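Sharing a structure here in structure tokens format.
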Amino acid sequence: MTTRPIDPTSTGMPKPGSGMLSEAQRSSLKRAPSKPADVVANLKGFGPLTRISTSFGEMHAQALRERDMVRTRNGGFVKIERVDRVVLDEGFLRYHPEALPIRIRAGAFGRNLPSHDVVLAPFQAISASQPITGARVSRAMDALGRPSVMRVPETIITYTIIKCERPVSVLSEGLWIDL
């Protein structure tokens, strides 16, 4: 398991006021950092308390470990090869609000779909082959604007990213989520 906090102001340079930077360098550090499109545009994962179906039953994403077995769409189980946790802090979220988590309330996609609230990273894929009422949804952010789907105003969020031995869909509160 790897935890990677993202600090958008980290430049590897001494902090302003340390006497080691020129005025131009100090002023450039005060501006908003450039958008790390590769991080935000590929941001996938589960919120910490989102439950995922495993061989042990329903487990919170924050409790998953490597070698746990998750339920797949075909009814079997597949081993988790790697679990990464990405922490987005207040500074990052202030400059990149598009990275805020998406909450899908219970019943937002139909009767008991999902069965409980689900919190996902904006670009987390939702399986297209499930019966969702209304317009097609392929990523969590595509559901924004629907009743009972909203961004969660967090000051810090930890996304759990799961990698399995092969691409699969896992069950989370009745929703099939593509990994």
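The values are calculated or read from the model by the stated rules, or taken from the named source; none is laboratory data. Not measured: the values here are computed from a predicted model. All Cβ positions, glycine included, derive from the backbone under ideal geometry; neighbour counts span all protein chains shown. Areas reflect the complete protein model, heavy atoms only, side chains present, ligands, DNA and RNA absent. Shrake-Rupley method; radii C 1.70, N 1.55, O 1.52, S 1.80 Å.
Accessible surface of residue 169 in the full protein assembly, 1.4 angstrom probe, to the nearest 10 Å²?
Answer for residue 169: close to 20 Å² accessible.
A follow-up question, please. Count neighbours as other Cβ atoms within 10 Å of each site's Cβ, and list the trypsin sites (Lys or Arg not before Pro) in segment 74-179 that are DSSP loop with at most 16 such neighbours.
Answer by residue number: 105, 111, 136.
Over segment 36-179, average the accessible area per residue using a 1.4 Å probe and give it in Å², no decimals.
Value for segment 36-179: 47 Å² per residue.
Label points 7 Å out from Cα along the Cβ direction at residue 112 and residue 42: separation in nm?
My value for the distance between the label points is 3.8 nm.
Would you calculate the separation in nanometres between label points at residue 74 and residue 152, each defined as 7 Å from the Cα along the Cα-to-beta-carbon direction?
It is 3.2 nm.
Using a 7 Å offset from the Cα along the Cα-to-Cβ direction at both residue 56 and residue 87, what is the distance between the two label points in nm, to one decimal?
Each label point lies 7 Å from its Cα, and together they span 2.2 nm.
Next question, about the same structure. With Cβ to Cβ distances under 14 Å as the rule, what net charge do the other residues near residue 63 carry (K, R +1; D, E -1)?
Combined, the nearby Lys, Arg, Asp and Glu give +1.
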